[in-house]
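The values are calculated or read from the model by the stated rules, or taken from the named source; none is laboratory data. Since the model is a prediction, treat every value here as computed from it, not as a measurement. Please note: Cβ atoms are built from the backbone with ideal geometry, for glycine as well, and neighbour counts cover all protein chains shown. Just the protein is used for accessible areas: all its heavy atoms, side chains included, with ligands, DNA and RNA removed. Shrake-Rupley method; radii C 1.70, N 1.55, O 1.52, S 1.80 Å.
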Amino acid sequence: MEAALLAVVALIFGLGLGWLLGGRPVAEWRQRFLARDGEARELDEKFRRAIAELAGASERANHVDALTGELAEVRAERDRIGTELATLKANAAHFDEQKRLLLEAQDVLRKEFEAAGAKVLEGAQAAFLQRAQERFAVSEEKNAERIKALLAPVGDRLKSYEEQVSALEAKRV
């Protein structure tokens, strides 16, 4: 009976010792599993954020394309206006030639009228040309400022993305 009791105690002691020694590797494995599971979740979240940022960058790129089209339209309009100005200057030169011929034919009868008319016409032409040049200069400045203001955030964001990609690449290496 003592031997049976001793055998039962030894069996219980052996089971307790086996459970104690066998449970430690399982606990360590669980801790490593939980740590790696947390890392995987963090990486998954970073990946999802990167996809969302990429979609935003794509949308901004489409916006840049639209702005490029608008810029081309503005340039075409500026060229058209420049052509019109050249035509107006050519017409003004032609007009001056006709006026000179007419004034030569009527020189005797209208000397005083010619002097007054010439002064007024020259002043009007100078004022017209000056106003036209001022308007073109102001319009060109405004367009340049608008384009710079529209493209500055895109450039900054692209620079930021390049820095982030370089940093991620350096970390990956």
Within region 121-173, of all residues that are among the β-branched types (V, I, T) and in contact with a helix residue (DSSP H, G or I) (Cβ under 9 Å, 6 or more places away or on another chain), the one nearest to E84 (Cα to Cα) is I147
Original post:
Can you find even one residue in region 33-40 that is modelled with pLDDT under 85, of a type in the set (D, E) and open to solvent by 90 Å² or more (accessible area, probe 1.4 Å)?
Top reply: no
Exactly one of A10, A50, A57, A66 is modelled with pLDDT under 85, out of contact with any helix residue (DSSP H, G or I) (no Cβ under 6 Å at 6 or more places or on another chain) and part of a helix (DSSP H, G or I), and that one is A57
Scanning region 128-156 residue by residue, those touching a residue at least 60 places away in the same chain (Cβ under 8 Å) and of a type in the set (A, V, I, L, M) turn out to be I147, L150, L151, V154
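Residue by residue, here is whether (1) loosely packed, with under 11 Cβ neighbours inside 10 Å; (2) in a helix (DSSP H, G or I) holds:
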{"position": "L71", "(1), (2)": "no, yes"}
{"position": "R80", "(1), (2)": "yes, yes"}
{"position": "T83", "(1), (2)": "yes, yes"}
{"position": "T87", "(1), (2)": "yes, yes"}
{"position": "Q98", "(1), (2)": "yes, yes"}
{"position": "E104", "(1), (2)": "yes, yes"}
{"position": "L109", "(1), (2)": "yes, no"}
{"position": "Q125", "(1), (2)": "no, yes"}
Pairing a residue in region 38-66 that is farther than 14 Å from R157 by Cβ with any residue that is at pLDDT 85 or above and not in a helix (DSSP H, G or I), where Cβ atoms lie under 9 Å and the two sit 6 or more apart in sequence or on different chains, gives none
Considering residues that are open to solvent by less than 100 Å² (accessible area, probe 1.4 Å) and either free of Cβ contacts under 8 Å to residues at least 12 places away in the same chain or not charged (D, E, K, R) (or both), the number found within region 157-173 is 9
Notebook entry, point to check: Taking Q133, is it open to solvent by 60 Å² or more (accessible area, probe 1.4 Å) and under 29 Å from A152 (Cβ atoms)?
Noted result: yes
